[in-house]
There are 2 protein chains.
Amino acid sequence: MFVSLEPCSHHGRTPPCVDAIIAAGVGRVVVGIGDPDPRVSGKGLDTLRAADIQVTVSPSDEEARSVDPSYFRHRETGLPTVVLKYAMTLDGSVAAADGSSRWISGEESRADSHRLRARMDAVVVGAGTLRADDPLLDARIDEAGRQPRPIVIAGSEPLPGSARIWERHPLVISAIDIPIPAGDLAVVASRDGLPEPVSAARAIADSGYYDLLLEGGPLLAAAWWHAGLVSSGVVYLAGKIGGGKGVSPLGGLFPNVDDAKSVRIIAVIQIGNDVRIEFE
Amino acid sequence: MFVSLEPCSHHGRTPPCVDAIIAAGVGRVVVGIGDPDPRVSGKGLDTLRAADIQVTVSPSDEEARSVDPSYFRHRETGLPTVVLKYAMTLDGSVAAADGSSRWISGEESRADSHRLRARMDAVVVGAGTLRADDPLLDARIDEAGRQPRPIVIAGSEPLPGSARIWERHPLVISAIDIPIPAGDLAVVASRDGLPEPVSAARAIADSGYYDLLLEGGPLLAAAWWHAGLVSSGVVYLAGKIGGGKGVSPLGGLFPNVDDAKSVRIIAVIQIGNDVRIEFE
């Protein structure tokens, strides 16, 4: 039997895999990588060996790790993998000065961003975006499939009770116990009355969401960026010029040019009349 | 004899071409396109025909026009061809909030932007950029060649007498008669004390500079953009995140998303860890 990850030896969402392997009479198991989950971590292999099954572990774990890098990231750091996403004019605005932003990017980019959502465990927005855009945060793609969980990072004010998001049973992260019409609430450590970014991200991952798409708004994006939570990003650069100052993708200040952080541009493609840039 | 442009029949920087053609005893001249310059416009062809030279004009002038599109643009509209250029972080800043901008883009992009300058007749900046960056506006490339003329659009305050630009004998465009240490001064129509954009552009083209690289700053870029003077643009998008609000490529406001103008993205390439986007 060839498996990428060490078979588990504990009762999680499913019974132990090792019991099923032993019962099936498998003679040899080749494992890509050991499971960093402390409930498994070597115990799976030990159980197989104790049942006289020959066990071989790959000397190189990179390929096995690449099957689900976010799983390893979470088990090793407790943190989710966060992809920052925004759509911006060619002159750097994610919204006009009045906050309007529909539609900066073209139809093809928007379709692409729904495919991006479909690959994620959850889509994260701040309360400001919830109020301004009333989004559903679902993946509108043809193929039926698992939808990302909507996650709202609550501010200090009550969330709008009539928002469409409640239909989708969001996970709400708040620094205080607040009433929500539907979904789940996780209360985490506070920083100035708002959920402290690392605590918020950790709470989301602990709820089982490892791959997050961070869609803004700018203040949330900046808070998570400066907390070092952003693993990579997708920028849709629209073939449009706003012609003046609008809203920047990240809120707060960019004080001095030396404060800029280098990222690695890993993919650039044209989508319709937009450009999609991936960085990490 | 095959020529792309109708041979001239007037004394400009050189004597009439038609006289030389007639004197050389050429029997037939095939012309790509008639010269829109009112001093020529058909008179060149007429002179050749009057000298019993057989003249054929191409039925399709597109290829001949593409040899020097800016010449035709100027002769037909009186305006230069303006390429807007800026280097911006992935989150939309051409400079940090304190105005610092060295170096947002990488070394390869900067080398590319010098090659871009080398293809231009002139490089245009505002007085603010002159004060902030003290630029030379030259093309620092290995191949020796004609350098673009530096052009400064003056504001209402005196220009710094110690700026390095004076070494390069700039053309200064001003709405008032101001003393300059070196170079040439053209006084044009005023709008709020600043050179009115179309008059400024026309004066530059009338001085023989048809291909201009507009390098900012943001207020000048916005004024020329909103005056409809920008024909195309080159954006160097750096593999950097400023992490907050800095300086936008265009000054003034982007009031509402409907005020954004669509441009066509015509080329996208990765240069080092930056992305170069051309639009028109």
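The values are calculated or read from the model by the stated rules, or taken from the named source; none is laboratory data. If you're wondering where the values come from, they're calculated on a predicted model, not measured in any experiment. No Cβ is skipped: glycine too gets one built from the backbone with ideal geometry, and neighbour counts run over all protein chains shown.
Out of everything in segment B:148-158 that is of a type outside the set (Lys, Arg) and modelled with pLDDT of 95 or more, what residue ends up being farthest from B:Glu278 (Cα to Cα)? Filtering first and then ranking leaves B:Ala154.
Looking for something of a type in the set (A, V, I, L, M), part of a loop (DSSP other than H, G, I, E, B) and surrounded by fewer than 14 Cβ atoms within 10 Å (Cβ to Cβ) - is there at least one such residue anywhere in segment B:58-71? Reasoning before the result, please.
Start the filter on segment B:58-71 by keeping residues that are of a type in the set (A, V, I, L, M), which leaves B:64, B:67.
This time we only want the ones that are part of a loop (DSSP other than H, G, I, E, B), so: B:67.
Next, from what is left, pick out any that are surrounded by fewer than 14 Cβ atoms within 10 Å (Cβ to Cβ): B:67.
Scanning segment B:58-71, I find at least one residue that is of a type in the set (A, V, I, L, M), part of a loop (DSSP other than H, G, I, E, B) and surrounded by fewer than 14 Cβ atoms within 10 Å (Cβ to Cβ), so the answer is yes.
For segment A:168-200, a tally of residues being within 13 Å of A:Trp224 (Cβ to Cβ) and either in contact with a Lys or Arg (Cβ under 9 Å, 6 or more places away or on another chain) or of a type in the set (Gly, Ala, Ser) (or both) returns 3. Please verify whether A:Ser109 is over 23 Å from A:Ala203 (Cβ atoms), within 14 Å of another protein chain (Cβ to nearest Cβ) and in contact with an Asp or Glu (Cβ under 7 Å, 6 or more places away or on another chain), treating the condition exactly as stated. In short, yes. Among the residues of segment A:3-47, those that are in a loop (DSSP other than H, G, I, E, B) and among the basic types (Lys, Arg) comprise A:Arg13, A:Arg39. Select, from A:Ala189, A:Ala175, the only residue that is at pLDDT 95 or above, more than 14 Å from chain B (Cβ to nearest Cβ), under 22 Å from A:Leu159 (Cα atoms) and in contact with an Asp or Glu (Cβ under 6 Å, 6 or more places away or on another chain). Testing whether each residue is at pLDDT 95 or above, more than 14 Å from chain B (Cβ to nearest Cβ), under 22 Å from A:Leu159 (Cα atoms) and in contact with an Asp or Glu (Cβ under 6 Å, 6 or more places away or on another chain) leaves just A:Ala189.
Tell me, please, whether a residue that is free of Cβ contacts under 8 Å to residues at least 60 places away in the same chain and either buried (at least 17 other Cβ atoms within 10 Å of the Cβ) or of a type in the set (A, V, I, L, M, F, W, C) (or both) can be found in segment A:86-95. It would help to see each step written out before you state the result.
First, pick out the residues of segment A:86-95 that are free of Cβ contacts under 8 Å to residues at least 60 places away in the same chain: none.
Within segment A:86-95 (the criterion being free of Cβ contacts under 8 Å to residues at least 60 places away in the same chain and either buried (at least 17 other Cβ atoms within 10 Å of the Cβ) or of a type in the set (A, V, I, L, M, F, W, C) (or both)), the answer is no, since none of the residues qualifies.
Being closer than 20 Å to A:Val83 by Cβ and free of Cβ contacts under 8 Å to residues at least 60 places away in the same chain: is that true of A:Val152 here? Give the derivation first.
Numbers: closer than 20 Å to A:Val83 by Cβ: yes; free of Cβ contacts under 8 Å to residues at least 60 places away in the same chain: yes.
Criteria met by A:Val152.
Applying the selection to segment A:82-94, what residues are at the interface with chain B (Cβ under 7 Å from one of its Cβ atoms) and assigned to a strand (DSSP E or B)?
Just the residues of segment A:82-94 that are at the interface with chain B (Cβ under 7 Å from one of its Cβ atoms), to begin with: A:88-93.
Correct list: A:Met88, A:Thr89.
Within segment B:164-179, the residues that satisfy the criterion of being part of a loop (DSSP other than H, G, I, E, B) and either surrounded by 20 or more Cβ atoms within 10 Å (Cβ to Cβ) or not assigned by TED's automatic domain parsing to the domain that holds B:Ala122 (or both) are B:Pro170, B:Ala175.
For segment B:205-233, which positions are in a strand (DSSP E or B), among the aliphatic types (A, V, I, L, M) and within 11 Å of chain A (Cβ to nearest Cβ)? If the condition is that a residue be in a strand (DSSP E or B), among the aliphatic types (A, V, I, L, M) and within 11 Å of chain A (Cβ to nearest Cβ), then B:Val230 is the only one that fits. Note on segment B:246-259: among residues that are surrounded by fewer than 24 Cβ atoms within 10 Å (Cβ to Cβ) and facing chain A (nearest Cβ under 7 Å), the one that is nearest to A:Val268 (Cα to Cα) is B:Val257. Checking each residue in segment B:154-168 for being over 24 Å from the mean Cα position of the chain (by Cα), closer than 23 Å to B:Glu196 by Cβ and not acidic (Asp, Glu) picks out only B:Pro158. Picking from residues in segment A:260-280 that are more than 7 Å from every other protein chain (Cβ to nearest Cβ) and in a strand (DSSP E or B), the one that is nearest to A:Val230 (Cα to Cα) is A:Glu278.
Considering each residue of segment A:105-120 in turn, none proves to be surrounded by 23 or more Cβ atoms within 10 Å (Cβ to Cβ), touching a helix residue (DSSP H, G or I) at 6+ places or on another chain (Cβ under 8 Å) and assigned to a strand (DSSP E or B).
Can you find, within segment A:48-57, the residue that is nearest to A:Arg117 (Cα to Cα) among those that are in a helix (DSSP H, G or I) and hydrophobic (A, V, I, L, M, F, W, C)? Walk me through how you get there before you give the answer.
Taking segment A:48-57 and keeping what is in a helix (DSSP H, G or I), we get A:48-50.
So of that shortlist, the ones also hydrophobic (A, V, I, L, M, F, W, C) come out as A:48, A:50.
Numbers: A:Leu48: 38, A:Ala50: 43 Å.
Here the answer is A:Leu48.
Considering the conditions (1) touching a Leu at 6+ places or on another chain (Cβ under 9 Å); (2) modelled with pLDDT of 95 or more; (3) within 23 Å of A:His169 (Cβ to Cβ), A:Ala182 is excluded by exactly one of them, (1).
Being away from every other protein chain (no Cβ under 12 Å), under 30 Å from B:Cys17 (Cα atoms) and in contact with an Asp or Glu (Cβ under 6 Å, 6 or more places away or on another chain) narrows it down to one of B:Arg65, B:Arg119, B:Arg75, so name that one. Explain how you work it out, then say what you get.
Values: B:Arg65 fails: in contact with an Asp or Glu (Cβ under 6 Å, 6 or more places away or on another chain); B:Arg119 fails: in contact with an Asp or Glu (Cβ under 6 Å, 6 or more places away or on another chain).
From the options B:Arg65, B:Arg119, B:Arg75, the qualifying one is B:Arg75.
Within segment A:234-259, being outside any strand (DSSP E or B) and within 23 Å of the chain's Cα centre (by Cα) holds for A:Ser248, A:Pro249, A:Leu250, A:Gly251, A:Gly252.
Listed by first and then second residue, the pairs with beta-carbon distance under 8 Å, at least 6 apart or on different chains, first residue in segment A:241-255 and within 20 Å of A:Trp225 (Cα to Cα), second among the charged types (D, E, K, R) and assigned to a loop (DSSP other than H, G, I, E, B), are A:Ser248/B:Asp91; A:Pro249/B:Asp91; A:Leu250/B:Asp91; A:Phe254/B:Asp91; A:Pro255/B:Asp98.
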